[in-house]
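**Student:** Below you'll find the structure I mean.
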Amino acid sequence: MKIGIRQKLLLGLSGMLVIVAAISLVTIRQIDVLGKSLAIVLKENYQSVVASQDMKDALDTINSAELNSFLGNHDKDMQINVNEHKAKFLNALDRELHLITLPGEQERADRIQHLSKEYFSTLSRVMDTSLTEPVRRNLYFTKQVDVFNDIKKVAQEILDMNQANMITEKNATQTLAISARWRMLSVSLASVLFAILLSYQIHRWVFHPLRRLIETTEEIRRGNLEVVLQTSAHDEVGQLSRSFNAMLIALRQNRNSDMANLIRSRKLTEDVFRVLPVPVAVIDPHGQVKVSTETAVRLFGLKPGVSVRDLPFSWMSGLVDNSFATQRPASLDDKGYVQQFVKNKEYFFKPEAVPIISESEPESSDVCGSMLMMTDVTQIHEQQEMKQGMLSTVSHQLKTPLTSLRMSIHLLLDEEVGALNVKQTELMVGAREDCERLVEMLDDLLDLNRIESGKANLEPRPVQPSLLVRESMEPFLSEAKDRNVTLTDAMPENLPDVFADPLAIRHVFANLLSNALRFTRPGGTIKAGAEKEGDFVRFFVEDTGSGIASEHMAHLFEQFFRAPGQDVRSGVGLGLSIVKELVEAQGGMVSSQSQPDKGSLFSFTLPIHKKQLSTGELYLNGRS
């Protein structure tokens, strides 16, 4: 008959269960016996001892009262005391009569009851003050004393009997406890031996075959599929071992057929990857190149097996390490790019490292590599430089004739070359306003061009926020008064200095305040101020103007964007883009909020001076 693991375990555990049940029954029985013995000792003998002692104490107190009465101390309190202790004696005697447990105890208790009647009969006469003292003394010494001594003697005998029985019961209980302890120790030892035997059999039946199975799986994990699991058992473990061997045979067959397909697929993938026109390389967690495109090898030396830390590009290892640490794509700043010369030709690339995350386990993800991609932005860079050069050239070329035209209009309006009639004056005023608008547009274009090219010549220094706000507001006070608009400041006390170029920030405020005045109706309010926000100070300009629709908010700081419905004379849409460039060039950020017909809030941040000194960094054009 074949016995499986289940039957083996059930057989062993059943035996263990029988032993545990036997131990439990023996323990319960011993505890019951010990408990009953202790109950007898405490409930019967101990209470008899207490009752005997109470009778003796009550008699001693009554006897003392009798002797004191012979000395003339007979009063009402003494009589009350005698009556109280008489009641205590009788109560103790009654308890004793109901606690008879030992041979001879009943006779002694009955004798005390008989003697007590005689004693208390004589006591009433001894304590009777109507009798003369000699008569009372004679009664006490001839009758009372002998009965008193007999009662105490018998009570002491009952006390001694019960104390002796308590000692006997105690010794018997100790003997019984020692016997129970040895029996339980013997049973426990037998249980331990049986458990050891059962554990050894379980080790032979289950754990030893499982250990061989684990060792075999470790060999398979290392790639060795030639192992064979030896077994002669006919239980479940034996069936598992034979199924495991069958699985190994199938795996060896599949491996031989799949290996060739895998090699062909890998070679095809590497060939396709290698000829990609974009410089791309796959980096392992140790920083070594696993596979790369030909352009990556030709332009950056990213050959397979080369470590990115050994290449002369410090930004490359930084991006890869950052992608591993954050498990997110890492790149240089928004305008960051790298310059590379290949065969005396200049290229510009925007690199990005994207982590390759393995999701083999549902609740965990590990970065098994990083894909380094260099996007070619040479053409975009050249177009940007071309645009900046064209803007600079056109702006300078236009400024010269515009200056001459402005001077001519100024001379005509001053009537230096002859008087003008009313119609001519109106035309010349309109021409002068258009010339001024053209000059402002050209100035904005030149400013934006200088900032984007990194030639803004910013000179940041520590400056007090309240000074920046109030000096920036001052040129607009008269215009606000003329427009019937209230212009106020909201500056808290003790704001820290910011690290910024005062002239550039005044230019920022000029754009924001002029926009606020342009769109705020008479009777409205404009408020400018600042507040501390972490390691920055946030400046703001808030108005009660017409507001901006939500669909236009995302494009406010784009170049040449103008919200629909604006006056054609309000500009070409460069003011807010200049604000954004100037603030970001000094390490800050811009933001805006607006609700139609309720007003707008434009704000920007500037770094606190102490933070800039501690880091030693100055942000210009998005690069440190």
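The values are calculated or read from the model by the stated rules, or taken from the named source; none is laboratory data. Computed from a predicted model, the values in this text were never measured in an experiment. Quick reminder, even Gly has a Cβ in these numbers, built from the backbone with ideal geometry, and neighbours come from all protein chains shown. These area figures cover heavy atoms from the full protein model, side chains too; ligands, DNA and RNA do not enter into them. Shrake-Rupley method; radii C 1.70, N 1.55, O 1.52, S 1.80 Å.
**Student:** Would you check which residues across region 485-526 are surrounded by fewer than 17 Cβ atoms within 10 Å (Cβ to Cβ), closer than 21 Å to residue 575 by Cα and in contact with a strand residue (DSSP E or B) (Cβ under 6 Å, 6 or more places away or on another chain) and list them?
**Tutor:** none
**Student:** Within region 363-386, count every residue that is part of a helix (DSSP H, G or I) and either open to solvent by 70 Å² or more (accessible area, probe 1.4 Å) or at pLDDT 75 or above (or both). Before the answer, list the steps.
**Tutor:** Just the residues of region 363-386 that are part of a helix (DSSP H, G or I), to begin with: 378-386.
With the extra rule that they be either open to solvent by 70 Å² or more (accessible area, probe 1.4 Å) or at pLDDT 75 or above (or both), the set shrinks to 379-380, 382-383, 385-386.
Total satisfying the criteria: 6.
**Student:** Still on this structure, please answer the following. Pull out all pairs, ordered by first then second residue, where Cβ-Cβ is under 6 Å, the residues are six or more apart or on different chains, the first lies in region 323-348 and is assigned to a loop (DSSP other than H, G, I, E, B) and open to solvent by less than 70 Å² (accessible area, probe 1.4 Å), and the second is modelled with pLDDT of 75 or more and of a type in the set (Lys, Arg).
**Tutor:** none
**Student:** For region 449-465, how many residues are open to solvent by less than 30 Å² (accessible area, probe 1.4 Å) and either among the hydrophobic types (A, V, I, L, M, F, W, C) or modelled with pLDDT of 90 or more (or both)?
**Tutor:** 3
**Student:** Just a yes or no: is a residue in region 63-81 at pLDDT below 70 and under 19 Å from residue 163 (Cβ atoms)?
**Tutor:** no
**Student:** Please count how many residues of region 212-259 are hydrophobic (A, V, I, L, M, F, W, C), exposed (fewer than 12 other Cβ atoms within 10 Å of the Cβ) and modelled with pLDDT under 70.
**Tutor:** Residues meeting the conditions: 1.
**Student:** Follow-up question, since we're still on this one. Among the candidates 162, 171, which residue alone is at pLDDT 75 or above, touching a Ser or Thr at 6+ places or on another chain (Cβ under 7 Å) and within 30 Å of residue 50 (Cα to Cα)?
**Tutor:** On the way: 171 fails: touching a Ser or Thr at 6+ places or on another chain (Cβ under 7 Å).
The unique qualifying residue is 162.
**Student:** Yes or no: residue 171 polar (S, T, N, Q) and open to solvent by 60 Å² or more (accessible area, probe 1.4 Å)?
**Tutor:** Answer is yes for this residue.
**Student:** Going by the conditions given, is residue 27 of a type in the set (Val, Ile, Thr), at pLDDT 85 or above and surrounded by 13 or more Cβ atoms within 10 Å (Cβ to Cβ)?
**Tutor:** Numbers: of a type in the set (Val, Ile, Thr): yes; at pLDDT 85 or above: no; surrounded by 13 or more Cβ atoms within 10 Å (Cβ to Cβ): yes.
In short, no.
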